[in-house]
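No lab work stands behind these numbers, since they all come straight from the coordinates. These figures come from a predicted structure and were not determined experimentally. Every residue, glycine as well, gets a Cβ built from its backbone with ideal geometry; the counts of neighbours run over all protein chains shown.
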Amino acid sequence: MTVTIKPPETPEEFAQYYNLRWRILRAPWDQPEGSEKDELEDHCYHLMACDDSQRVIGVGRVQFNNIDEAQIRYMAVEPACASTGIGRKIVSELEAITLDNDHDMIVLDAREPAVGFYEKLGYEVKEKTYLLFDCIQHYRMQKIL
Ligand SMILES: CC(C)(COP(=O)(O)OP(=O)(O)OC[C@H]1O[C@@H](n2cnc3c(N)ncnc32)[C@H](O)[C@@H]1OP(=O)(O)O)[C@@H](O)C(=O)NCCC(=O)NCCS
C-alpha cells in the first residue's frame, strides 16, 4: 500500500478527515459528531494520510500557540493500519510545517496509551496533566526540533 500525506482540501476530504478524528478520538466515549472540532480549525495546518484508493487512514493537526510554541493535536490512525508507520509520517510532516513557520518547539498532550509512540519520535514527558472524559489521563510532552 502506498500512503500519501497531504492536507485535506475539498469538502469531501475534510468530511473524511473529521470523521476519522471523531471515530477514533470521540465516538468510543459516546461523544457526538461535532465534538471532534474546536474553534481553532480555520487557523491550523491539517494533514491526512490516504491509501491507494484515497481513503483517509490517518489524521493530525498543528496549531501555533504563541511565537515560541507549536502544538500537535488530534492525531489518529485507523486501527487496521496502526503500527505501520503512518503516525510517524504525519508527525514528521507536521514538524516540517512547524519549522517552515519559524517555530522549533512542539508541545502536545498525549493520551496515556500514546505516550510511548511520542517517546519513539523524540518527545519527552514534562508533566501529568488532565483527565479527558473522567478517564483518559494526559501527559504534557515536548520536543525541540
Ligand atoms: C498513537 C497513534 C497515532 C500512533 O500511530 P501509528 O501509525 O500506529 O504509529 P507508527 O506505526 O507510526 O509508530 C511509530 C513507532 O511508535 C511505536 N508505537 C506506535 N504506537 C505506540 C504506542 N501506543 N506505544 C508505544 N509505541 C508505539 C511503533 O511501534 C513505531 O515504533 P518503531 O518505529 O520502532 O517500529 C495511533 O495508534 C492512534 O491513532 N491511536 C489511537 C488514538 C490516539 O491515542 N491518538 C493520540 C492522541 S494524543
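Only helices enter the 222 nm calculation for the chain: every DSSP H run of n ≥ 4 contributes -39,500 (n - 2.57), and dividing by all residues gives -7500 deg cm²/dmol, rounded to 500. Each Cα pair of the range 4-144 feeds into the Kirkwood radius, which the Stokes-Einstein equation turns, at 37 °C and 0.692 mPa s, into a diffusion coefficient of 213 µm²/s. Applied to the range 124-141, the Karplus parametrisation 6.51 cos²θ - 1.76 cosθ + 1.60 on θ = phi - 60° returns per-residue 3J(HN,Hα) values of 10, 6, 9, 6, 6, 10, 9, 9, 8, 6, 6, 8, 9, 5, 10, 10, 6, 10 Hz, with x for Gly and Pro. Taking R0 as 30 Å, what FRET efficiency do you get between T84 and E112 from their Cβ-Cβ distance, rounded to the nearest 0.05? With R0 = 30 Å, the Cβ-Cβ based efficiency is 0.85. Here the gap between L121 and I144, fully extended at 0.36 nm per residue and compared with their Cα-Cα distance, gives a gain of 7.1 nm. Going down the table (K89/K120; K120/K143; K6/K126), which pairs top 22 Å between alpha carbons? Exceeds cut-off: K6/K126.
By the count of neighbouring beta-carbon atoms within 10 Å, fewest first, Y139, Y130 end up ordered Y130, Y139. Sorting S53, S35 from the fewest to the most surrounding beta carbons within 10 angstrom yields S53, S35.
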